[in-house]
Amino acid sequence: MRKRIAMLAAAVSTAVLLVLVGATLAFGGPGARLINDDGVWVKAGSLDDGKDLQPQASITLAQAIASARKAVSGSLDQVDLEHYRGRLVYMVDVGDQEVRVDAANGNVVAISPRD
């Protein structure tokens, strides 16, 4: 009887561990930070609004985030792709700032406090 209980406990522990490892990998690995975006948990730095505009962008999401993080410091939050003053920009939330990065060339075009 003790042997069965020990084997059952080991099986349950292994199953729980596998679920936790799988969830960690599904959300981008151990360093990934999740943010609550309108009631949904998403990986920080993922594109929120403007996915339909992505084919028009000349730079990648990763390049836009790198440009924004060079301009200001802070934790990365959500990213949107939108039109701003006649150009397509990634709006990257970093710390308490919104950094607008030109989606054509990666230049920072505006930095403003977050709403």
What list of ³J(HN,Hα) couplings, whole Hz, do you get for segment 95-104 from phi and the Karplus terms 6.51, -1.76, 1.60, once you set θ to phi - 60° and write x for glycine and proline? x, 9, 10, 9, 10, 9, 10, 4, 6, 8
Sites residue 75 and residue 10, calculated FRET efficiency, Cβ-Cβ separation with R0 30 Å, nearest 0.05: 0.20
Can you list residues whose amide H is under 5 Å from residue 46's amide H, if they're 5+ apart or on another chain and H is modeled 1.01 Å from N? 79
Non-local residues with an amide H under 5 Å from the amide H of residue 110, with H modelled 1.01 Å from N and Pro and chain starts lacking one, are 100
Taking amide H atoms as placed 1.01 Å from N in the peptide plane, list the residues 5 or more away in sequence, or in a different chain, whose amide H sits under 5 Å from that of residue 104. 58
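Read-outs throughout are calculated quantities, based only on the coordinates presented, and are distinct from any laboratory measurement. From a predicted model like this one, the values you see are computed outputs, not experimental measurements. All Cβ positions, glycine included, derive from the backbone under ideal geometry; neighbour counts span all protein chains shown.
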